[in-house]
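The values are calculated or read from the model by the stated rules, or taken from the named source; none is laboratory data. Because the structure is predicted, anything quoted here is derived from the model rather than measured. Backbone-built Cβ (ideal geometry, glycine too); neighbour counts: all protein chains shown.
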Amino acid sequence: MKLLLDTQALLWWLSDSTQLSQAARTAIGDGTNTVFVSAASAWEMENKSALGKLRVPDNLEETLATERFFELPIRITHATALRRLPAIHRDPFDRLLIAQAQVESLTVVTSDPVFDRYRIPVVAT
């Protein structure tokens, strides 16, 4: 399975939070699954860090490599897929993750129930 971690799932995984469900923990930890982290999540984390709302590891890229997570860049096809999304949700970072999941055929690991409304595969955190 190809997984895309939403920002909260990534943060919970990196902090070994008990808020991460066993299903999500198993899926992420399963070495046969490929785990992606979107550049949109890094962007969201850095924005929140600049506002003093979040502490981001200084070595995020190295941390992701250590975890064997792959970077998912934002491509033009991801951006243009946004126009096809229904206006269910206004969060631009989440909408970009949803578009990426659709374009790349990824299962999103998320705690946000609104993702289900976009009819994409989800592993609930």
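Computed values, structure above
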{"read-out": "Subset tally (residues that are part of a loop (DSSP other than H, G, I, E, B) and either over 14 Å from V109 (Cβ atoms) or in contact with a His (Cβ under 6 Å, 6 or more places away or on another chain) (or both)) for the range 24-60", "value": "11"}
{"read-out": "Filter result for G29 (free of Cβ contacts under 8 Å to residues at least 12 places away in the same chain and within 16 Å of K2 (Cβ to Cβ))", "value": "yes"}
{"read-out": "Single residue of V56, V114, V109 found to be within 18 Å of M1 (Cα to Cα), out of contact with any Cys (no Cβ under 9 Å at 6 or more places or on another chain) and aliphatic (A, V, I, L, M)", "value": "V109"}
{"read-out": "Lone unmet requirement of (1) touching a residue at least 24 places away in the same chain (Cβ under 8 Å); (2) surrounded by fewer than 21 Cβ atoms within 10 Å (Cβ to Cβ) for F115", "value": "(2)"}
{"read-out": "Conditions (1) in contact (Cβ under 8 Å) with a residue 40 or more places away in the chain; (2) farther than 21 Å from F115 by Cβ; (3) not in a helix (DSSP H, G or I): number failed by T63", "value": "(3)"}
{"read-out": "Residue in the range 91-106 that is part of a helix (DSSP H, G or I), over 15 Å from the mean Cα position of the chain (by Cα) and farther than 21 Å from V35 by Cα present", "value": "no"}
{"read-out": "Answer residue from the range 76-91, given it is surrounded by 11 or more Cβ atoms within 10 Å (Cβ to Cβ) and touching a residue at least 24 places away in the same chain (Cβ under 8 Å) and is nearest to I120 (Cα to Cα) among those", "value": "L85"}
{"read-out": "Output for the range 95-112, where each listed residue is touching a strand residue (DSSP E or B) at 6+ places or on another chain (Cβ under 8 Å) and on the phi < 0 side of the Ramachandran plot", "value": "L96, L97, I98, Q100, A101, E104, L106, T107, V108, V109, T110, S111"}
{"read-out": "Number of the exception - M1 against (1) at pLDDT below 95; (2) in contact with a strand residue (DSSP E or B) (Cβ under 6 Å, 6 or more places away or on another chain)", "value": "(1)"}
